[in-house]
Amino acid sequence: MAPSVEAEVKPSRCSLKTLSGTYLYSQTGTWNGRPYSESGREKYDGNGGIEVVRRGSDGPRQAERGRYVISSDCIATMTYPNGFEMTSFVARDGSRFTFTITKAPGRLPTSISGWEVRVND
């Protein structure tokens, strides 16, 4: 008897449900013209909501909620009440994504990017 081989089925399109679970992240760059780094945890609910807990090189731990949308070709936009917006390129299985801050508060240049990796469902 030959062993059966199951093919891994990958989603052909992304949706809100692609991002679901807890992700850890790290980001670096400049914020408002100054060197900056940050790490944190984001929980994506699969329905467009995000809960984030983070600590940056500029101060204390912070928590907030955000929103996200994702296109069928796996490009997501996340928005946060503090004025930040980021564009993300998401793996089709939702296991990880890279991001770049595309909108930030402040008068001086901001250039931040990083990766997020899902650590549970």
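What number of residues within the range 81-121 are in a loop (DSSP other than H, G, I, E, B), at pLDDT 95 or above and either of a type outside the set (A, V, I, L, M) or farther than 22 Å from residue 12 by Cβ (or both)?
Of all residues in the range 81-121, those in a loop (DSSP other than H, G, I, E, B) come to 81-84, 91-95, 104-110, 121.
Still in the running and at pLDDT 95 or above: 91-95.
Subset that is either of a type outside the set (A, V, I, L, M) or farther than 22 Å from residue 12 by Cβ (or both): 92-95.
Residues flagged as in a loop (DSSP other than H, G, I, E, B), at pLDDT 95 or above and either of a type outside the set (A, V, I, L, M) or farther than 22 Å from residue 12 by Cβ (or both) within the range 81-121 amount to 4.
Here is a check on your reading of the model: is residue 65 modelled with pLDDT of 95 or more, touching a Pro at 6+ places or on another chain (Cβ under 9 Å) and among the charged types (D, E, K, R)? Give the derivation first.
On the way: modelled with pLDDT of 95 or more: yes; touching a Pro at 6+ places or on another chain (Cβ under 9 Å): yes; among the charged types (D, E, K, R): yes.
So residue 65 fits the description; yes.
Scanning the range 25-50 for residues that are surrounded by 14 or more Cβ atoms within 10 Å (Cβ to Cβ) and within 11 Å of the chain's Cα centre (by Cα) gives 25, 27, 40, 41, 42, 43, 44, 50.
Among residues of the range 81-121 being of a type in the set (S, T, N, Q) and without any contact (Cβ under 8 Å) to a residue 60 or more places away in the chain, the one that is farthest from residue 30 (Cα to Cα) is 95. Hey, can you tell me all the residues within the range 58-69 that are touching a Lys or Arg at 6+ places or on another chain (Cβ under 9 Å) and surrounded by 11 or more Cβ atoms within 10 Å (Cβ to Cβ)? Within the range 58-69, 58, 62, 64 meet the criteria.
Close Cβ contacts (under 6 Å, 6 or more residues apart or on different chains) running from residues in the range 29-56 that are part of a strand (DSSP E or B) to residues that are surrounded by 14 or more Cβ atoms within 10 Å (Cβ to Cβ) and of a type in the set (Lys, Arg) comprise 38/54; 40/54; 51/43; 53/41.
The values are calculated or read from the model by the stated rules, or taken from the named source; none is laboratory data. This is a predicted model, so every value here is computed, not measured. FYI the Cβ positions are ideal-geometry reconstructions off the backbone, even for glycines, and counts take in every protein chain you see.
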